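Chemist: Below you will find the structure I want to go over with you.
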Amino acid sequence: MTASPWVSRFAPLVSPGGAVLDLACGGGRHSRLFLARGHGVTGVDRDIAHTDAPGAELIAADLENGSPWPLAGHRFAGVVVTNYLWRPLFPALLDSLADDGVLIYETFAQGNERFGSPRNPDFLLARGELLRVTAGLTVVAYEDGVVEDRAVVQRICAVKGDGPVRLP
C-alpha cells in the first residue's frame with residue numbers, strides 16, 4: 001500500500017533527519033515513506049507483526065486498553081496519524097511534538113456512516129474537531145469533506161510554533 005497523498009504532500013515540512021512518530025502504523029506505509037526520506041522512525045501499533053518497515057523502531061502497545069503511553073518525554077520532528085482516532089491520546093501526541101514539529105493527521109469524520117465503516121461516533125471526528133484540538137499550533141492546511149465519493153475525512157497539517165512555515 002502506498003502512502004497517503006496528504007502525508008506525502010506535507011512530509012517535506014518535517015525537519016530533515018528529524019525523528020518521526022507513526023502512530024497506528026499498521027503495515028508501515030508511512031514509516032517506509034519517512035525512512036526513505038532519511039528520518040528515524042518510531043512506529044506504534046497494537047499489533048506490529050505485519051508492519052513492514054525495516055529500520056524503524058516498532059513498539060507494540062494497546063493504547064485503548066490500558067497500555068501506558070510508551071513515549072513519555074520523547075519529542076518528534078513529525079507525528080503522523082492516519083485512519084485512527086483515540087481521543088485520549090491527543091494531549092500525548094501534541095506533547096510529543098518538538099518545537100517546529102509537524103503534525104500530519106488524517107482520519108474519518110462524521111458523515112462517513114453513509115459510506116461504511118467506521119460508523120461508531122467514537123471513531124469519527126466531529127466537524128472542526130482537529131482545528132479545535134490543534135488550536136495552539138500553526139495550521140498549514142485543513143480539509144473536511146467527502147473524498148472520491150467513498151469516505152468523509154478530516155485532515156490537518158499543523159506546526160508547533162508561531163513562525164512562518166515554508167509551504168511544500
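The values are calculated or read from the model by the stated rules, or taken from the named source; none is laboratory data. Fair warning: this is a prediction, and the values are worked out from it, not measured in the lab. Heads up, the Cβs are rebuilt from the backbone with ideal geometry, glycines too, and the neighbour counts pull from every protein chain shown.
Chemist: Of the residues in the stretch 10-26, how many are farther than 15 Å from Ala56 by Cβ, of a type outside the set (Ser, Thr, Tyr) and over 13 Å from the mean Cα position of the chain (by Cα)?
Modeler: 3
Chemist: I'd like the full set of residues that are in contact (Cβ under 8 Å) with a residue 40 or more places away in the chain, surrounded by fewer than 18 Cβ atoms within 10 Å (Cβ to Cβ) and either among the basic types (Lys, Arg) or in a helix (DSSP H, G or I) (or both), limited to the stretch 3-22.
Modeler: Result: Arg9, Pro12.
One line per residue, one yes/no per condition, for (1) modelled with pLDDT of 95 or more; (2) among the aliphatic types (A, V, I, L, M); (3) touching a His at 6+ places or on another chain (Cβ under 7 Å):
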position: Leu58; (1), (2), (3): yes, yes, no
position: Leu71; (1), (2), (3): yes, yes, no
position: Leu89; (1), (2), (3): yes, yes, no
position: Leu94; (1), (2), (3): yes, yes, no
position: Ala98; (1), (2), (3): yes, yes, no
position: Arg114; (1), (2), (3): no, no, no
position: Asp122; (1), (2), (3): no, no, no
position: Asp144; (1), (2), (3): yes, no, no
position: Asp149; (1), (2), (3): no, no, no
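Chemist: Does any residue of the stretch 145-165 turn out to be crowded, with 16+ Cβ neighbours inside 10 Å, on the phi < 0 side of the Ramachandran plot and part of a helix (DSSP H, G or I)?
Modeler: no
Chemist: Within the group Ala141, Ala53, which residue is assigned to a strand (DSSP E or B) and not hydroxyl-bearing (Ser, Thr, Tyr)? Give the steps one after another, and end with the answer.
Modeler: Values: Ala53 fails: assigned to a strand (DSSP E or B).
Being assigned to a strand (DSSP E or B) and not hydroxyl-bearing (Ser, Thr, Tyr) holds for just one of Ala141, Ala53, which is Ala141.
Chemist: Hey, can you tell me all the residues within the stretch 114-133 that are assigned to a helix (DSSP H, G or I) and more than 23 Å from Arg9 (Cα to Cα)?
Modeler: First pass over the stretch 114-133, keeping only residues assigned to a helix (DSSP H, G or I): 114, 121-123, 129-133.
Answer for the stretch 114-133, where residues must be assigned to a helix (DSSP H, G or I) and more than 23 Å from Arg9 (Cα to Cα): Arg114, Pro121, Asp122, Phe123.
Chemist: Output the number of the condition that Ile59 fails; it satisfies all remaining conditions of (1) part of a loop (DSSP other than H, G, I, E, B); (2) over 23 Å from Pro164 (Cα atoms).
Modeler: The single condition Ile59 does not satisfy is (1).
Chemist: If you don't mind, there's one more thing I want to ask. Scan the stretch 24-54 for residues that are of a type in the set (A, V, I, L, M) and either surrounded by 15 or more Cβ atoms within 10 Å (Cβ to Cβ) or closer than 18 Å to Phe10 by Cα (or both) and jot them down.
Modeler: Here is the first cut: in the stretch 24-54, the ones of a type in the set (A, V, I, L, M) are 24, 33, 35-36, 41, 44, 48-49, 53.
Passing the criteria: Ala24, Leu33, Leu35, Ala36, Val41, Val44, Ile48, Ala53.
Chemist: For the subset of the stretch 62-113 comprising residues that are among the hydroxyl-bearing types (Ser, Thr, Tyr) and outside any loop (DSSP other than H, G, I, E, B), which member is surrounded by the most Cβ atoms within 10 Å (Cβ to Cβ)? Before the answer, list the steps.
Modeler: Step one: of the stretch 62-113, the residues among the hydroxyl-bearing types (Ser, Thr, Tyr) are 67, 82, 84, 96, 105, 107.
Next, only the ones that are outside any loop (DSSP other than H, G, I, E, B) stay: 82, 105, 107.
On the way: Thr82: 21, Tyr105: 25, Thr107: 21.
Checking each candidate, the answer is Tyr105.
Chemist: Against the definition (polar (S, T, N, Q) and at positive phi), how does Asn83 come out, yes or no? Quick ask: steps written out before the conclusion?
Modeler: On the way: polar (S, T, N, Q): yes; at positive phi: yes.
So Asn83 fits the description; yes.
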